[in-house]
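This report concerns only the one structure given below.
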C-alpha cells in the first residue's frame, strides 16, 4: 500500500457558536492513501465534527485541510467527486424504494443509464437486498437500512470513503457483510476514514488509528503499535478507557 | 439538468406517496370551496338582491296604501307579505320571532289625510277673496303616520334602504294626489278637463352602471369571491407539506448527504419549488374547473373568469411563486415538523383572514381593509378580482404581480441566508 498522505489536517480548530470550548482543538492528522483510518473517541470528542469538516459540510474556524492535494475552501466540487460519505443517520428517503433511493443518489452523482443500473444491481446483490429492492425502505429492518445507507455512498466509486459509525445498532450478519465488503473495497485502493464506538471492530478493521478527546489527538498508530506502547493493556478497548477515562460522557 | 430532473422526479414520487399531503393539497380546497360557497351564497344574495322579508298590514285600501304595497313589490329586493287582518301586537310578535325583518302598518284613511293636507296647502296659496275651493273632510288634517317595526338584528344599511324606498313611494303618491287635485281644480275653475295621467312615474331616471372597462360585466357573487379566494388559500397551504418535506430531509440527514455531492445546493430547493409549482398549478386549474362546471350542479352560478387569460396565467404563476417560497422559508427556519406545521397553518389562516379570503374586503372595516394590504393572499385575490370582475388586463394587475414576485424573492433570500448561516 502507498504511504503517501491523501488527507492532511493541520492545526484544525472548530468552535460552535455559544460554546466556551473548542469541539476540535488544534488537531493535526495525516491519513495515508490506502489506509483504513479509525478516528476513535468518546461522545463529544470531536469525531463527527472532524468528519463533517473533511466532507466540507462545515467550515473550520482555523487550520487547513488538504485532501488529495486540494485545499478545502468555499468551492469543493472537485473534492466532492472523489469522496463518498456514509453518515451516522440513515440518510435515505423512507417513502422511496431501495432502488428508487439508489437511482436518485446515483443520478445526483451524474451517473445514469445502464452503468448506474448495473451498479445498483451489483450492490443490491452484494448486500443481499435484491429481493427487497422494490419495497419502500420504511418496511426495512435496521440492518437492511444500514446496508442501503452504505451503498448510497459507494455508487460513484469514491477514492476516499468517510464512514460515521456505519455498523451502529445492527445485527451481526449485517455488520459482517459491511465490514467484509469494506475490506474488499480497501484492497481495491479505496481509503477509508471510519469512526466508531466499537473498539473490537476498530481493532480488527483499522490499519491506523487516532484516538481523540476534547478535540485533541491523544494517541495514534496501528492497533498493534498502540497495544505495544500500552503494556498494561491487552486490547484497544482497554487503551481507550485508560486514555479517555471511565466516567460516563454526555 | 439531469440532477434537477432526478430531484423533481424524486419529489413527485415522494408527494404521490404522501396521502395526507395530497388530501390537504387537493381534497381540502375542493371541500372548502364547495362548503364556503354554498354557505356564503345566501349572504351574497342578501347583499346583492336584498330580498328582505317585509310584513305589511295595510288598512288604507286607497291610493296611498295600494301604491306603497305595489311599490315595495316592484322593488325586487323586498319579499313582501300582506296580512291586513293582523293587529299591531300580532305584527310585532311576527317581527320578534324573526319571521320578518321589517313590519309596516299603514293606517286607515291615510289617503284621505294626505288629500286633505294637500287641499289645505293649495287653499292657502289662493287669496281669501277666492273663497273655499274644496270641501275639506272635517278636521282630518293630521300628518299621516306609517308605523315601521324593525328586527333588532337588521343592519343600519338595510333600515336606510327600506326608509329610502318608503319615502320615495310616498313622495310619488303625494305628487300623484297633488296632480289629481290640481286637475280637478282646473276642471272646476276653468272648465278644462285634463286627461288622466296613466303612467305617473319618476321624472328623473338614474342610470346605474358598474365601473368596469368591459360591458360584459360580471356581478360579484359567492362563486366569484369564494373560488379565487379558496384557490389562493389552497395554493398557500402548499406551505405545510413543502416545509415538512424540507425538515424531514434535514432531520434524516439526507440534506447533509446531498451537500457532500458535487454541484449546487440550490438544485434541491429548485426541484422542490418546481414540483410544488406544478402542484399549485394543478390546484388552480382544478379549482377553476370546479367553479365553472361543478358549482352550477349545486345550483350556484358558474364562475366567470373574464377574458384576460394571459393576466390570469401570470397572476397564478406569481401566487404559486409566493406560496412555494413561503413554504421554503418556513421549512428552512423551523426546527421541527410540528413547529413548521403549526406556524405554517396558523400563519396562512391569519394571512387568509386578513387578506379577505374568509370575509371579502368590501365587508371589512376601514382599519381591516388597510391591514389586509400586508397579506400576499390579498394581493393575489385583488388581482383575481381585477381579472374576473373588472376584466383588467396584464398592465392593471402588474402591481399585484410585482408584490407577489417580490415577496417570493424576499422569502428565497431569507432561506438562502439562513441555510448558509447554518452551514457555518
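Here are the numbers:
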| item | result |
| --- | --- |
| Cα-based Kirkwood hydrodynamic radius, region B:350-424, one decimal, Å | 13.7 |
| Directionally averaged projected area (convex hull, Cα atoms, region A:169-250), nm² | 6.4 |
| Projected area averaged over orientations for the protein assembly as shown, convex hull of C-alpha atoms, nm² | 44.9 |
| Residue with peak Gaussian network fluctuation, chain B [Cα springs, cutoff 10 Å], from B:87, B:311, B:345 | B:87 |
| Percent of C-alpha pairs per 10 Å bin, region B:51-190, short to long | 11, 38, 28, 15, 7, 1 |
| Equivalent ellipsoid dimensions for chain B as semi-axes, Å, which come from the Cα gyration tensor, largest first | 67, 21, 17 |
| Separation in nanometres of the label points that stand 7 Å from Cα toward Cβ, at residue B:125 and residue A:139 | 9.8 |
| Within 10 Å of each Cβ in A:148-154, the average number of Cβ atoms from other chains | 1 |
| Linear extension gain, residue B:365 paired with residue B:73, 0.36 nm per residue minus alpha-carbon span | 101.9 nm |
| In degrees, nearest ten, helix A:172-187 long axis to first principal axis of chain A (Cα) | 80 |
| Förster-model FRET efficiency, 30 Å R0, residue A:8 and residue A:180, C-beta, rounded to 0.05 | 0.50 |
| With Cα atoms, 0 to 90° folded angle of helix B:376-389 axis to chain B main axis | 50 |
| Sites residue B:163 and residue B:349 - FRET efficiency at Förster radius 30 Å, r taken between beta-carbons, to 0.05 | 0.15 |
| Full-stretch length increase - residue B:264, residue B:298 - with 0.36 nm per residue and alpha-carbon distance subtracted | 7.2 nm |
| Residue A:157-residue B:35 FRET efficiency (beta carbon distance; Förster radius 45 Å; 0.05 resolution) | 0.20 |
| Kirkwood Rh, Cα atoms: Rg over Rh of region B:221-326 | 1.12 |
| Distribution of pairwise C-alpha distances over region A:101-236, 10 Å bins, in % | 11, 37, 31, 15, 6, 0 |
| Cα→Cβ-extended label distance, 7 Å offset, between residue B:336 and residue B:107, nm | 7.4 |
| Relative contact order (%) - chain A, alpha-carbon pairs under 8 angstrom, separation at least six | 27 |
| Degrees between helix A:98-108 axis and first principal axis of chain A (Cα, 0 to 90, nearest 10) | 70 |
| Sequence of B:118, B:346 once ranked by neighbouring C-beta atoms within 10 Å, starting from the fewest | B:346, B:118 |
| Orientation-averaged projected area, Cα convex hull of region A:1-112 (nm²) | 9.1 |
| Gained length - residue A:28 relative to residue A:235, 0.36 nm times residue gap less alpha-carbon distance | 72.1 nm |
| Two-decimal ratio, region A:5-244, of alpha-carbon radius of gyration to 2.2 N^0.38 Å | 1.02 |
| Distance in nm between pseudo-label sites at residue B:150 and residue B:135 (7 Å out along the Cβ direction from Cα) | 4.3 |
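Every number in this text was worked out from the coordinates using simple rules, so none of it is lab data. What you see is a predicted model, and the numbers here were worked out from it, not measured in a lab. Here Cβ is always computed from backbone atoms with ideal geometry, including for glycine, and neighbour counts include all displayed protein chains.
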